[in-house]
Amino acid sequence: MSATARTLFEKVWRAHEVAAETADTPAVLYIDLHLIHEVTSPQAFTVLRQRALKVRRPHLTFATMDHSTPTRTEQVFGGAPIAIEAAARQVRELEVNCAAFGVELLDLRHDRRGIVHIIGPELGLTQPGKTVVCGDSHTSTHGALGALAFGIGTTEVGHVLATQCLLQRKPRTFAINVTGKLPAGVGAKDLILSIIGRIGVGGGTGHVIEYRGDTIRALDMDGRMTVCNMSIEAGARAGMIAPDETTFAYLAGRPRAPQGEDWERVLEGWRALPSDPGARFDREIDIDVSRLEPMVTYGTHPGMVLPIGGAIPERPDDPVFAKSLAYMGFSPGQPIKEHPVNVVFIGSCTNGRLSDLRLAASILRGRKVASGVQMLVVPGSQQVKREAEAEGLDRVFLEAGAEWRESGCSMCLGMNGDLVAKGHYAVSTSNRNFEGRQGVGARTLLASPLTAAACAVRGRVTDPRELM
Amino acid sequence: MEPIRTLRSRTAVLPVSDVDTDQIIPARFLTTTTREGLGKHLFADWRYGPDGALRADFALNHPQAAGCAILVAGNNFGCGSSREHAPWALTDYGFRAVVSTQIADIFRSNSLKNGLVPVIVDPATHRWLLEHPGVEVSIDLETTTLRHPAGEARFPLEPFARYCLMNGVDELGFLLGREAEIAAYEGRAGIR
Ligand code: SF4
């Protein structure tokens, strides 16, 4: 083992140290890409105004609107887009702030708008070796391209706007080595849900996870983003995957990726990023996925997850567990399969990309959404929407009886009014099944796009392999 | 920010583990563009019934929890969304410290920037505090010690964060003071 062998994380971290940490002070870390959206930025701009500060590097700052924006076409492109007055005000404030401080904004009707974590990679803004932050915990998504990407609070959004830097203690590293071929019908979402089930919702706290191994190498970029996206659901600071030919092929030619000679030059640097052989991690686990099954959550955090053929666990002496099951309307020992479903949501920064929509459509093609079930398909970006329409996926969804919407966070957190009714069961491809996340009293079952689509067809929790 | 050296208060106990920031403040209250006045939405879906009245069965609604500045919660507090509205709601409600065995990274970082002290204690101390709601507890930042009627426990606090809390220093001012180093880095990296 070489003494200088470094991990991917260490390489990116070191390259961005304006000042290294000391016993008394955290490191000053330079940020290459700062993404902002309407919900977590207003108070940060207020601080800039109060202190008469500018945005230090407007061209490294990029804004979109996604959380509280409408998804109905007639609302987005019609007269008065946003029904909720406070949300409308927040969106207006983002427009005003971006104009005043010189920050590029993809506004509501822009043809490249979308969920912040979908459009960063899609536009080629997110690149290997960059530091990427956003006032949003799922910033971990961008780590799929070999970036060090993490969520920050609004005070820190202000720090980055004003100084392009953050004060950070160096996190610890955690290698998750994933091997084995994913069985048919089992994908990236099932993989990350099973990892969270194993290490727990606090299992990654204080760590940056690097996902490694042949299973990860075999995933396409969309799948890698699904995995890194949910790193935060295990409590991790960030998730990363070493860049490789799959990453480079994904980025080549994207509008904001380097072009021509610049591309050749950056590529050389990117190829040097993967962890060196023998690099040491603070923690390491191995996972074999060759027998993994489709996974579905049954409780009120993503660690409460089981294989779709399984039964709800029994924990007689755990009042918190009992409270969670009571909220969900489930009993210990009950099988999850065949439980009735009211709503199916396909979308979010976890599973709102083109390959996710293709998977869902593969189940729905020539089939109908069960009567009484509402199915909402919300592409992660306007670009994903156009690409899906070019392939005719919108027809598949509409003919099956699903709704086809404009892009946004939508029912992932229901800020825009796309809500699940009290007591209803939603099978959702999003990332959080917390109490009330999709609406007051709403009950969320997290699953893959294949599983969610199968549940829509049967109106019950269904193993997608039965419909493949 | 007001400097904090010691906190002394009775405890309010919320014996729930993995409390996520969606519970601390639900998403529908995030359309605000200011930091103020979020205390009324704290734990909204647990605190209020469907009719908007306070629920008698919620821990913070017990008369003895009124006016407490120290919240003792179950394991792994503050997971989920990065919303700083969570510490804003907690401090506006009146809390100055949160005690648990584990506190999620982003929530902890956000808390430190808003004068809410994240106190991570050992499981035995934690269990004792959960079992004794309403006891008088003191949290001393000088010695990073939590004292309760049956004993005391040290807790970890990052030295710089502790310095900022104790002296009312804000990190933005500190970062702005590093201008020369930031400019030098940008020069090396070719960033203009
Ligand atoms: S889709 Fe959901 S998780 Fe992703 S950024 Fe939007 S609200 Fe957050």
Filter result (β-branched (Val, Ile, Thr), within 30 Å of A:VAL208 (Cα to Cα), within 16 Å of the chain's Cα centre (by Cα) and more than 14 Å from chain A (Cβ to nearest Cβ)) within the stretch B:105-154:
B:VAL117, B:VAL119, B:VAL121, B:THR144
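Each row is one residue, and each column tells you yes or no for (1) outside the structural domain of A:PRO449 (by TED's automatic domain parsing); (2) surrounded by 24 or more Cβ atoms within 10 Å (Cβ to Cβ); (3) more than 21 Å from A:LEU450 (Cβ to Cβ).
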{"position": "A:THR300", "(1), (2), (3)": "no, yes, yes"}
{"position": "A:PRO319", "(1), (2), (3)": "no, no, yes"}
{"position": "A:SER324", "(1), (2), (3)": "no, no, yes"}
{"position": "A:GLY333", "(1), (2), (3)": "no, no, yes"}
{"position": "A:LYS337", "(1), (2), (3)": "no, no, no"}
{"position": "A:VAL341", "(1), (2), (3)": "no, yes, no"}
{"position": "A:PHE345", "(1), (2), (3)": "no, yes, no"}
{"position": "A:ASN351", "(1), (2), (3)": "no, yes, no"}
Filter the stretch A:125-150 for residues that are surrounded by fewer than 24 Cβ atoms within 10 Å (Cβ to Cβ) and farther than 18 Å from A:GLU17 by Cα and give the result.
A:LEU125
Condition (residue is more than 12 Å from chain A (Cβ to nearest Cβ), in a strand (DSSP E or B), surrounded by fewer than 23 Cβ atoms within 10 Å (Cβ to Cβ) and not acidic (Asp, Glu)) applied to the stretch B:72-87: is it met by at least one residue?
no
Of the residues B:ALA124, B:ALA104, which single one is surrounded by fewer than 23 Cβ atoms within 10 Å (Cβ to Cβ) and not acidic (Asp, Glu)?
B:ALA124
When the stretch A:374-405 is examined, which residues are found to be within 14 Å of the ligand (Cβ to nearest atom) and either modelled with pLDDT under 95 or outside any strand (DSSP E or B) (or both)?
A:VAL378, A:PRO379, A:GLY380, A:VAL384, A:ARG405
Go through the stretch A:124-154 residue by residue and tally those that are within 16 Å of the ligand (Cβ to nearest atom) and part of a helix (DSSP H, G or I).
9
Per the filter on the stretch A:145-177, residues over 20 Å from the mean Cα position of the chain (by Cα) and within 25 Å of B:THR31 (Cβ to Cβ) are A:THR155, A:GLU156, A:GLY158, A:HIS159, A:VAL160, A:LEU161, A:ALA162
Of the conditions (1) within 14 Å of another protein chain (Cβ to nearest Cβ); (2) in contact with a helix residue (DSSP H, G or I) (Cβ under 9 Å, 6 or more places away or on another chain), the single one that A:PRO332 does not satisfy is (1)
Take A:ILE196 and decide whether it is more than 14 Å from chain B (Cβ to nearest Cβ) and assigned to a helix (DSSP H, G or I).
no
Going through the stretch A:11-62 one residue at a time, which ones are within 12 Å of another protein chain (Cβ to nearest Cβ) and hydroxyl-bearing (Ser, Thr, Tyr)?
A:THR22, A:THR25, A:TYR30, A:THR40, A:SER41, A:THR46
Scanning the stretch B:1-46 residue by residue, those more than 29 Å from B:LEU157 (Cβ to Cβ) and more than 8 Å from every other protein chain (Cβ to nearest Cβ) turn out to be B:PHE29, B:LYS40, B:ALA44
Do you know which residues across the stretch B:76-99 are of a type in the set (Gly, Ala, Ser) and within 19 Å of B:ARG8 (Cβ to Cβ)?
B:GLY94, B:ALA97
Determine whether the stretch A:107-123 contains at least one residue that is of a type in the set (Gly, Ala, Ser) and either more than 15 Å from the ligand (Cβ to nearest atom) or over 24 Å from the mean Cα position of the chain (by Cα) (or both).
no
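The values are calculated or read from the model by the stated rules, or taken from the named source; none is laboratory data. Keep in mind the model is a prediction, meaning the values are calculated, not measured. Here Cβ is always computed from backbone atoms with ideal geometry, including for glycine, and neighbour counts include all displayed protein chains.
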